[in-house]
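Just below is one structure, and these are the notes that go with it.
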């Protein structure tokens, strides 16, 4: 039987560094561990890397810490490789593993914090690439029955930082593994988004490899985003809002420098960080919590801030953006 501990401080298990107590806590290393535990306690919270969660209170139930490990090649040919990855693997470790094997497709997703299990749940993305482009299957366990189920890409219903696991199936399944297909040669590099191209030039790289792209992304992220080991944070707290073209056109007339990226359906994605900056909130601080001084999209816990204080700050940011631009910001972070 998996060992269950009582009254465990969750501060080491969330990157915000928020102090909250779990009534019960267990670490799992296999699918059977998980099945055993859901038979013991139906009130469960699953934590992986704790990099996309804001704890606002103690948890009066069982916290299950996902430590499932393993990366296995399940199919390959001369051009592609398909790998099955346990959900407890650290995402960035997977990216480095792929690069070391010259497998392409996820190099732009370097240094994204968290575990592999969060990738399909959030449809993680960065610098023009989303997880859905390489994920072909998600294996999961029903949290009420313990039964196994597989979801193909269409069944995952991926969207911008969205999936079926955040809506209809929220808290109904535990993702146990993710299967991805990556390229072995003729990699399609995406270097046009953000500062990747300029960073590669600064690195004197004219014919980049997937490792070069990864190194450029790592350099960019480290220059902009605070290290959770130094300042508590969960990366981007808000999603970049998507608005209709007419709304964007009107705002552009009032705010000529307003950036925007047209999507496939002609809607416009606006950088949330820019909106927050225009509200003079970049670097704003209240007690031990604040908006990061270099990246307004990131809310931070400077020392001993509480989850409620972070939540209150996030609502203040949302109100300010709504009042100035008529745009609603939605949290990317899961609030518990």
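The values are calculated or read from the model by the stated rules, or taken from the named source; none is laboratory data. Computed from a predicted structure; not experimentally measured. Cβ atoms come from the backbone with ideal geometry, glycine included; neighbour counts cover every protein chain shown.
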- Task: Say whether the condition of being out of contact with any helix residue (DSSP H, G or I) (no Cβ under 9 Å at 6 or more places or on another chain) and either buried (at least 18 other Cβ atoms within 10 Å of the Cβ) or at pLDDT below 95 (or both) is met by at least one residue in the range 99-113.
- Result: no
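Please state which one of 187, 247 is over 19 Å from residue 126 (Cβ atoms), touching a residue at least 60 places away in the same chain (Cβ under 8 Å) and either part of a loop (DSSP other than H, G, I, E, B) or more than 18 Å from the chain's Cα centre (by Cα) (or both).
Details: 187 fails: over 19 Å from residue 126 (Cβ atoms).
None of the other options fit; the residue is 247.
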- Is it true that residue 219 is part of a loop (DSSP other than H, G, I, E, B) and either buried (at least 18 other Cβ atoms within 10 Å of the Cβ) or out of contact with any strand residue (DSSP E or B) (no Cβ under 9 Å at 6 or more places or on another chain) (or both)? no
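Is it true that residue 232 is surrounded by 19 or more Cβ atoms within 10 Å (Cβ to Cβ) and either touching a residue at least 24 places away in the same chain (Cβ under 8 Å) or not assigned by TED's automatic domain parsing to the domain that holds residue 97 (or both)?
Working: surrounded by 19 or more Cβ atoms within 10 Å (Cβ to Cβ): yes; either touching a residue at least 24 places away in the same chain (Cβ under 8 Å) or not assigned by TED's automatic domain parsing to the domain that holds residue 97 (or both): yes.
In short, yes.
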- Message: Looking only at residues that are in a strand (DSSP E or B) and crowded, with 19+ Cβ neighbours inside 10 Å in the range 142-174, which one is farthest from the chain's Cα centre (by Cα)?
- Response: 151
- Specify which of the listed residues (329, 281) is modelled with pLDDT of 95 or more and within 21 Å of the chain's Cα centre (by Cα). 329
- Note on the structure: Exactly one of 7, 57, 3 is part of a loop (DSSP other than H, G, I, E, B) and closer than 30 Å to residue 230 by Cα, and that residue is 57
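Do we find that residue 129 is crowded, with 19+ Cβ neighbours inside 10 Å, farther than 21 Å from residue 228 by Cα and modelled with pLDDT under 95 in this structure? Can you show your working first?
Values: crowded, with 19+ Cβ neighbours inside 10 Å: yes; farther than 21 Å from residue 228 by Cα: yes; modelled with pLDDT under 95: yes.
In short, yes.
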- Query: Which one of the conditions (1) surrounded by fewer than 18 Cβ atoms within 10 Å (Cβ to Cβ); (2) on the phi > 0 side of the Ramachandran plot does residue 324 fail to meet, given that it meets all the rest?
  - Reply: (2)
- Query: Given the conditions (1) closer than 15 Å to residue 173 by Cβ; (2) in contact with a strand residue (DSSP E or B) (Cβ under 8 Å, 6 or more places away or on another chain); (3) part of a loop (DSSP other than H, G, I, E, B), and given that residue 88 satisfies all but one, which numbered condition is not satisfied?
  - Reply: (1)
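For residues that are surrounded by fewer than 19 Cβ atoms within 10 Å (Cβ to Cβ) and in contact (Cβ under 8 Å) with a residue 24 or more places away in the chain, tally how many sit in the range 9-30.
Within the range 9-30, the first condition is being surrounded by fewer than 19 Cβ atoms within 10 Å (Cβ to Cβ), and the residues that meet it are 9, 11-12, 19, 21, 23, 27, 29-30.
Keeping just the survivors that are in contact (Cβ under 8 Å) with a residue 24 or more places away in the chain gives 19, 21, 23, 27, 29-30.
Summing the residues that are surrounded by fewer than 19 Cβ atoms within 10 Å (Cβ to Cβ) and in contact (Cβ under 8 Å) with a residue 24 or more places away in the chain in the range 9-30 gives 6.
Do we find that residue 240 is farther than 19 Å from residue 108 by Cβ and either outside the structural domain of residue 18 (by TED's automatic domain parsing) or crowded, with 18+ Cβ neighbours inside 10 Å (or both) in this structure?
Numbers: farther than 19 Å from residue 108 by Cβ: no; either outside the structural domain of residue 18 (by TED's automatic domain parsing) or crowded, with 18+ Cβ neighbours inside 10 Å (or both): yes.
Spelling it out, it is not the case that residue 240 is farther than 19 Å from residue 108 by Cβ and either outside the structural domain of residue 18 (by TED's automatic domain parsing) or crowded, with 18+ Cβ neighbours inside 10 Å (or both).
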- Message: Going by what's in this entry, would residue 160 be described as at pLDDT below 95, in contact with a helix residue (DSSP H, G or I) (Cβ under 9 Å, 6 or more places away or on another chain) and farther than 16 Å from residue 64 by Cα?
- Response: no
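When you go through 299, 311, 329 one by one, which is the residue that is touching a residue at least 60 places away in the same chain (Cβ under 8 Å), within 25 Å of residue 60 (Cα to Cα) and either surrounded by fewer than 20 Cβ atoms within 10 Å (Cβ to Cβ) or in contact with a strand residue (DSSP E or B) (Cβ under 7 Å, 6 or more places away or on another chain) (or both)?
Going through 299, 311, 329 in turn, just one is touching a residue at least 60 places away in the same chain (Cβ under 8 Å), within 25 Å of residue 60 (Cα to Cα) and either surrounded by fewer than 20 Cβ atoms within 10 Å (Cβ to Cβ) or in contact with a strand residue (DSSP E or B) (Cβ under 7 Å, 6 or more places away or on another chain) (or both): 311.
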- Item | Residues that are surrounded by 19 or more Cβ atoms within 10 Å (Cβ to Cβ) and either assigned to a helix (DSSP H, G or I) or free of Cβ contacts under 8 Å to residues at least 12 places away in the same chain (or both), drawn from the range 250-268 | 251
- Message: Checking the conditions here, which among 83, 46 is under 23 Å from the mean Cα position of the chain (by Cα), over 22 Å from residue 153 (Cα atoms) and assigned to a strand (DSSP E or B)?
- Response: 46
